[in-house]
Amino acid sequence: SIHRAFVAARIPIAYSQGFNPHPRMAFGPPLPLGACGMREYFDVAATGNIGEEWTDVNRWLPRDLEVIECISCNHKPSSITSSLKAGEYLVRFTDEIGEKDIERAVDEFKKQSRIVVTLEKKGRTVEKDIAPMVTGLEKVMLSGCPGLRARLSLAPDRTCRPADLLAKLFPGRSPSSFAVTRMECLL
């Protein structure tokens with residue numbers, strides 16, 4: 001969608017070399033399974049000055065998808081994924097949960113110095129301490145209903161998945177009990 005919109009808007013994007021050239025676009029870290037994203041980052045290499053023409057891209061994008069800012073770099077920037085430090089997430093509960101239950105879970109989480117999750121990586125079981133990767137956690141009200149706001153690390157090799165956090169906060173609850181939205185990525 002985004003590539004086609006840039007082409008339709010006649011933005012001079014660069015292509016890779018070789019037999020089957022691809023547009024030189026790179027997107028930020030993938031969204032967790034089942035999560036929505038509100039303000040995501042991506043890089044586009046241009047062969048010329050884009051100026052204010054980037055706003056024309058929005059005419060060609062689907063409804064609810066829009067480019068809101070374009071920052072020009074005159075040098076080769078580091079990868080977008082390595083530049084992002086954290087993600088700000090909102091969690092809505094799809095089933096009934098009391099405010100006190102959320103507050104209790106958040107308080108218990110914050111009291112622990114280590115919070116270990118077990119993961120499968122390349123056929124091996126590994127343990128990871130997610131406590132230092134959760135840099136913000138609080139109960140919030142979302143349209144009159146209790147929810148969570150979490151700031152989670154997106155740094156390479158120090159990423160905390162929302163599903164791992166929620167499994168530790170609310171053991172026994174199904175992943176379908178939560179609606180997760182990454183509100184923004186933080187540089």
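Assess whether Val67 counts as being more than 21 Å from Arg151 (Cβ to Cβ), assigned to a loop (DSSP other than H, G, I, E, B), β-branched (Val, Ile, Thr) and modelled with pLDDT of 90 or more. Yes. Selection of the stretch 149-164 for residues being hydrophobic (A, V, I, L, M, F, W, C) and at pLDDT below 95 yields Leu154, Ala155, Cys160, Ala163.
Could you say whether any residue in the stretch 1-14 is open to solvent by 100 Å² or more (accessible area, probe 1.4 Å) and within 30 Å of Asp164 (Cα to Cα)? No, the conditions are met nowhere in the stretch 1-14.
Looking at Thr55, Thr135, Thr94, Thr81, just one residue is under 23 Å from Ser174 (Cα atoms), among the polar types (S, T, N, Q) and open to solvent by 30 Å² or more (accessible area, probe 1.4 Å), and that residue is Thr94. Looking only at residues in the stretch 167-180 that are closer than 15 Å to Val134 by Cα and hydrophobic (A, V, I, L, M, F, W, C), the one that is least open to solvent (accessible area, probe 1.4 Å) is Leu169. Pull up the stretch 146-166, narrow it to residues that are touching a strand residue (DSSP E or B) at 6+ places or on another chain (Cβ under 7 Å) and more than 11 Å from Gly87 (Cα to Cα), then point me to the one that is surrounded by the fewest Cβ atoms within 10 Å (Cβ to Cβ). Per the criteria, the residue is Pro146.
Only one entry in Gly34, Gly87 is under 30 Å from Pro171 (Cβ atoms) and surrounded by 17 or more Cβ atoms within 10 Å (Cβ to Cβ), namely Gly87. For the stretch 136-181, the set of residues classified as in a strand (DSSP E or B) and either at positive phi or touching a Cys at 6+ places or on another chain (Cβ under 7 Å) (or both) consists of Leu152, Ser153, Thr181, listed by residue number. I'd like the full set of residues that are touching a helix residue (DSSP H, G or I) at 6+ places or on another chain (Cβ under 6 Å) and assigned to a loop (DSSP other than H, G, I, E, B), limited to the stretch 12-43. Passing the criteria: Gly28, Pro29, Pro32, Tyr41. Within the stretch 37-52, the set of residues being more than 22 Å from the chain's Cα centre (by Cα) and either open to solvent by 70 Å² or more (accessible area, probe 1.4 Å) or not aliphatic (A, V, I, L, M) (or both) comprises Thr47, Gly48, Asn49, Gly51, Glu52.
The values are calculated or read from the model by the stated rules, or taken from the named source; none is laboratory data. Remember, it's a predicted structure, so these values are computed and weren't measured experimentally. Heads up, the Cβs are rebuilt from the backbone with ideal geometry, glycines too, and the neighbour counts pull from every protein chain shown. These accessible areas exclude ligands, DNA and RNA; they are computed on the full protein's heavy atoms, side chains included. Shrake-Rupley method; radii C 1.70, N 1.55, O 1.52, S 1.80 Å.
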